[in-house]
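Report on the following structure.
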Amino acid sequence: MPYGDYRVLRDHHPVAWQEEPEVLGWPAGPGFWAVTRHADVVRVLKDAASFSSYAGATQIRDPDPEDLPFIRRMMLNQDPPHHGRLRRLVSRAFTPGRMERFTAVAEERARGLWGEAVRLAREDGGAVDVVAAVTDDYALLNLADLLGVPESDRGLLLHWTQRVIGYQDPDEAGTPVLDDRGRPVNPRSPAMLRDMFGYARQLAAHKRRQPGDDVLTVLAHDAELDGAELEMFFFLLTVAGNDTVRSAAPGGLLALAEHPGAQQELRDGRHELASAVEELLRWHPPVLTFRRTAVRDTELGGRRIRAGEKVVVLHASANRDERVFAEPGRLDLSRAPNPHVSFGDGPHVCLGAHFARLQLRVLYREALRALPGPWTAGEPRRLVSNFINGVKSLPLYVT
């Protein structure tokens, strides 16, 4: 992360015009305003009347005009009041009772995965790639349980996540799909999501016949949701629900491995695990950027923003803003207050934030119980993405 460059921007160019050249075969765009200070990021995320999620969706690169109506159907790409209606509907599925039952499953899963990681490490000099051995499976299996995806189909969730989130990374995306002009096809386009939506329809029909204690059963029986909305919810929960924890978990473990003093203080009980999770999220936000589109002329950070221009908030920069966080370059596991924006802010604050925090608390607690480390055993490999702060590989000593 270019934290030094972020500070220069915050101090001298807090709202800076960014050119948008061709990247990896994706066509050049018109450019955007990069927003780096915490106060400005929060304002953009809260002020949906000025900065719209609906006008141009929420990814930096403009979608194809013919795809935009389809993309706008997702809750993530809507503005109030329509966004609020969909959010209330899906929130019904995240009941306290369901979360309590899920916690016990997550605890058992974390203990099993860490135990297997220790076994693998003993066979390989004490080191293991915790992404491959623990965090990828942990995030994926937890999500599958919550959604009610049968065990035999759970690999599909990872496949879809890699295709949609990792399309800029050749390790994740594989061979890019090109259109008849030789340009990459948007992984969020209707054509590229047809298989996922077909599966969502089949699974919803199955849940209506055979209900379970899971989120998709709740959505499938909700008379207020039409078929297209349910498909979009499945897409959103599958991708965002998986990749948030899939990115945050190894990022937090890496931070603890690189700060042995703070790690030991956490082991000694000098920090509450809940506050430690918040600081690890501040340190390694799972999401790098979100885009809005100005829908009226306004001013932000001393710059004149015109209607129709793209405005992109940089979460990792906001989380290191000296105007809000004392010594932001220091990992303080008891930091309070800690108003990080790793889960966003405003009407679009992450719907699954409570679910993600729960998973991270369980995973880190079981790591501290099971492991004498962890300590770094090699350089991490990071996801090639301007959207997700992903870690593809993280070798740690765990014995």
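The values are calculated or read from the model by the stated rules, or taken from the named source; none is laboratory data. These numbers come from a predicted model, not from an experiment. When we count neighbours, we look across all protein chains shown, and the Cβ atoms used for this are built from the backbone with ideal geometry, even at glycine. Keep in mind that these areas ignore ligands, DNA and RNA; they rest on the heavy atoms of the full protein, side chains included. Shrake-Rupley method; radii C 1.70, N 1.55, O 1.52, S 1.80 Å.
Just a few scattered comments:
- Packing rank of 329-336, 363-370, where each peptide gets the mean count of other beta carbons within 10 Å, highest leading: 363-370, 329-336
- Share of carbon and sulfur in the accessible heavy-atom surface of the chain [1.4 Å probe, %]: 52 percent
- On a per residue basis, the chain carries 42 Å² of accessible surface, using protein heavy atoms and a 1.4 Å probe.
- Over the chain, dividing the summed -39,500 (n - 2.57) contributions of all DSSP H runs of at least 4 residues by the number of residues returns a 222 nm mean residue ellipticity of -14500 deg cm²/dmol.
- Total charge dipole magnitude, the stretch 233-344, about the Cα centre, Cβ charges on Lys, Arg, Asp, Glu only, Debye to nearest 20: 580 debye
- Solvent exposure ordering (accessible area, 1.4 Å, most first) of 60, 305: 60, 305
- Within the stretch 1-49, all pairs of alpha-carbon atoms sorted by distance into 5 Å bins from zero give the percentages 5, 18, 19, 21, 19, 14, 4.
- Within straight-line cross-link reach of residue 46, lysines at Cα separation under 23 Å, skipping those fewer than 8 residues along the same chain: 310
- Pairwise centroid distance, computed over Cα atoms, of the stretch 131-177 with the stretch 1-76, Å: 26 Å
- The distance from the alpha carbon centre of the stretch 338-392 to that of the stretch 304-324 is 22 Å, rounded to a whole number.
- Peptide packing: for 278-288, 144-154, 10-20, 264-274, the average count of neighbouring Cβ atoms within 10 Å per residue gives the ranking 278-288, 144-154, 10-20, 264-274, highest mean first.
- Along principal axes, Cα extents of the stretch 133-261, largest first, whole Å: 52, 45, 26
- Among 80, 230, 316 - extreme Cα towards positive end, dipole of the chain, charges at beta-carbon: 80
- Anisotropy class of the stretch 250-326 from Cα gyration tensor, a/c 1.5 cut: prolate
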